[in-house]
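Here's the structure, in structure tokens; my notes come after.
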Amino acid sequence: LLQHPNLPNLPIVRFVDEDLSQRMSDYVVAHVTMHHRQYTRFHRDQQARRWSQYYPPAASETTVGIMGMGVLGQDALRRLMPLGFSLTSWSRTPKAIEGVECFAGEEGFEPFLNGTDILVNLLPLTPDTTGILNTETFSKLRRGSFEGGPVIINAARGGHQREADIVKALNDGTLGAASLDVFEVEPLPPSSPLWDIENCYITPHIAAISDEKSGVRYFTQVVEDHRAGRPLINVVDRDRGY
């Protein structure tokens, strides 16, 4: 929307909905715990009818790093806290969140990645974040905590990821697994090699679905506030891109 050449110079309001945040956090928690408990390994053993006991690391020994500290990122952190994971965050500007080691800006990106076992992307898509899930990023994630390698989870936008880099990283062991809910082209073409990778978990952009009734109520209130001269909430900063 922000890239549209004829976009008028009027306020743009984001849709923020508690139910949408809940659904997104459900997805993040489900996939974080699935990867922490080494689902790929045990599913592979099941298919081979192989009884091979393996004990995943404790949650406290596993660092989940979330990129993006907006409404969705902070809600996901809140839901993960009771599970005992070591939690870190990375955002454009500094944050202070109790119980979370917070990193910010370009200078904080590499240290954030170096300590991360499971990387969750909930960033807004901007020119600065386009393609951020790439070979260079994957190579800086922490190795050794998980058998097979670190994990990425992308439930933000397909434009954040370089799918050719993900395919390569999953095949050469740079990544141990990936959960992808969004893609560069949607629907994901049947020809995509991602479909064939055992440790790549694909969902069809369903992590957080906006409820139509909630949307109608929300934007009705926005219109009423505008007509009454009340300040608008959740206004997009065009310079930042979100």
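The values are calculated or read from the model by the stated rules, or taken from the named source; none is laboratory data. Everything quoted here is computed from the prediction, not taken from an experiment. Every residue, glycine as well, gets a Cβ built from its backbone with ideal geometry; the counts of neighbours run over all protein chains shown.
Points to keep in mind about this one:
- Scan of the range 96-131 for residues that are part of a helix (DSSP H, G or I) and in contact (Cβ under 8 Å) with a residue 12 or more places away in the chain, ordered by number: 105, 108, 109, 110, 112, 113, 114
- Listed here are the strands (runs of 3 or more DSSP E) enclosed by the range 151-242 that have at least 1 residues being of a type in the set (Gly, Ala, Ser) and surrounded by 13 or more Cβ atoms within 10 Å (Cβ to Cβ): 177-180.
- Which listed residue is among the charged types (D, E, K, R), under 16 Å from residue 176 (Cβ atoms) and assigned by TED's automatic domain parsing to the domain that holds residue 150, from 44, 79: 44
- Of the numbered criteria (1) in contact (Cβ under 8 Å) with a residue 24 or more places away in the chain; (2) assigned to a loop (DSSP other than H, G, I, E, B); (3) assigned by TED's automatic domain parsing to the domain that holds residue 137, the one residue 93 fails is (1).
- Considered as a group, the residues in the range 7-28 that are part of a helix (DSSP H, G or I) and among the aliphatic types (A, V, I, L, M) include one that is surrounded by the fewest Cβ atoms within 10 Å (Cβ to Cβ), and that residue is 20.
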